[in-house]
Amino acid sequence: MLRLGRESNLTLLEAIRARHSVRRYIQRPIEVSKLDILRDEIIALNATSGLDIQLVTDEPRAFDGSTAFSYGKFSGVENYIVMAGPRDSRAELQVGLYGEQLVLLAQTLGLNSCWVGLTYKKIPGAFRLREGDIVHCVIALGYGETQGVQHKLRPLEKLYEADVVPPDWFISAMEAVQLAPSAINQQKYIFLLHRESLVEALPRFSLVGYTEIDIGIAMCHFEIGAGDAHYKWV
């Protein structure tokens, strides 16, 4: 699981609770020390996942507002993380799982962020893709005008089903999942708790898509919320 940055004053659970999507950023460069921490973590995550995550800095054109699709208005974005990898559902799950680790690391460093699926442009030369890879999404990064606001939370009982009485660790994990960002806040998934502490995360139907990425993000939150509990993913 994620290594906290050296400059962090937040635990990962505190980062989950403090972090909200931010679309408007001020013109303040990210300190080199913080970029180095992010780059080190990206190298480690790429080695673990097989993804090709890339950090792009001082590049304002991807979010200049001229895209054909718009969900929320972005401004001041000059830094972003490119979540690239193979074109398959396993890679999408990893994009969510490892991308959210970077989002939370950024939060512990005092940075704001926003997952972005469509409202950006691919700028030639800003990054390079390996053969066969695609950009699944990007993550806007920087110092926000505000700290964002809490999205409307889905009731906890709609996010899970259990074959047994849920133990405290599972409820804590699901409370962290409840705070997980997802495409247009859809959270189209359900967590199943089986006997012998087996946990399963399954997608629900979505017209929007991005469900595998959303599940990966939610799994990241689940693992942090579960703490040292002993369980196994189905």
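The values are calculated or read from the model by the stated rules, or taken from the named source; none is laboratory data. In this text the structure is predicted, and so the values were computed from the model without any measurement. Don't worry about glycine lacking a Cβ; one is built from the backbone with ideal geometry, like all the others, and counts go over all protein chains shown.
Quick notes
- Some residue of the stretch 186-208 being free of Cβ contacts under 8 Å to residues at least 40 places away in the same chain, buried (at least 22 other Cβ atoms within 10 Å of the Cβ) and assigned to a helix (DSSP H, G or I): no
- Between 77, 56, 103, the distinction of being crowded, with 23+ Cβ neighbours inside 10 Å, farther than 21 Å from residue 150 by Cβ and of a type in the set (A, V, I, L, M) belongs to 77 only.
- The condition (being farther than 20 Å from residue 41 by Cβ and not basic (Lys, Arg)) is satisfied by just one residue among 107, 150: 150.
- Index of the failed condition, residue 213 passing every other in (1) in contact (Cβ under 8 Å) with a residue 60 or more places away in the chain; (2) at positive phi: (2)
- For the stretch 110-125, the candidate set comprises residues that are at pLDDT 95 or above and either among the β-branched types (Val, Ile, Thr) or buried (at least 22 other Cβ atoms within 10 Å of the Cβ) (or both); within that set, the residue that is farthest from residue 33 (Cα to Cα) is 116.
The rows are residues; the columns are (1) closer than 25 Å to residue 105 by Cβ; (2) modelled with pLDDT of 95 or more; (3) in the same structural domain as residue 116 (by TED's automatic domain parsing).
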residue: 162; (1), (2), (3): no, yes, no
residue: 171; (1), (2), (3): no, yes, no
residue: 206; (1), (2), (3): no, no, no
residue: 222; (1), (2), (3): yes, yes, no
residue: 226; (1), (2), (3): yes, yes, no
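- Of all residues in the stretch 93-114, those being in contact with a strand residue (DSSP E or B) (Cβ under 6 Å, 6 or more places away or on another chain) and either without any contact (Cβ under 8 Å) to a residue 60 or more places away in the chain or closer than 17 Å to residue 188 by Cβ (or both) number 1.
- Residue satisfying all of: in the stretch 160-185; in contact with a Phe, Trp or Tyr (Cβ under 6 Å, 6 or more places away or on another chain) and of a type outside the set (Phe, Trp, Tyr); surrounded by the most Cβ atoms within 10 Å (Cβ to Cβ) among these: 177
- The stretch 126-155 - residue that is modelled with pLDDT of 95 or more and in contact with a helix residue (DSSP H, G or I) (Cβ under 8 Å, 6 or more places away or on another chain) and, of those, surrounded by the most Cβ atoms within 10 Å (Cβ to Cβ): 141
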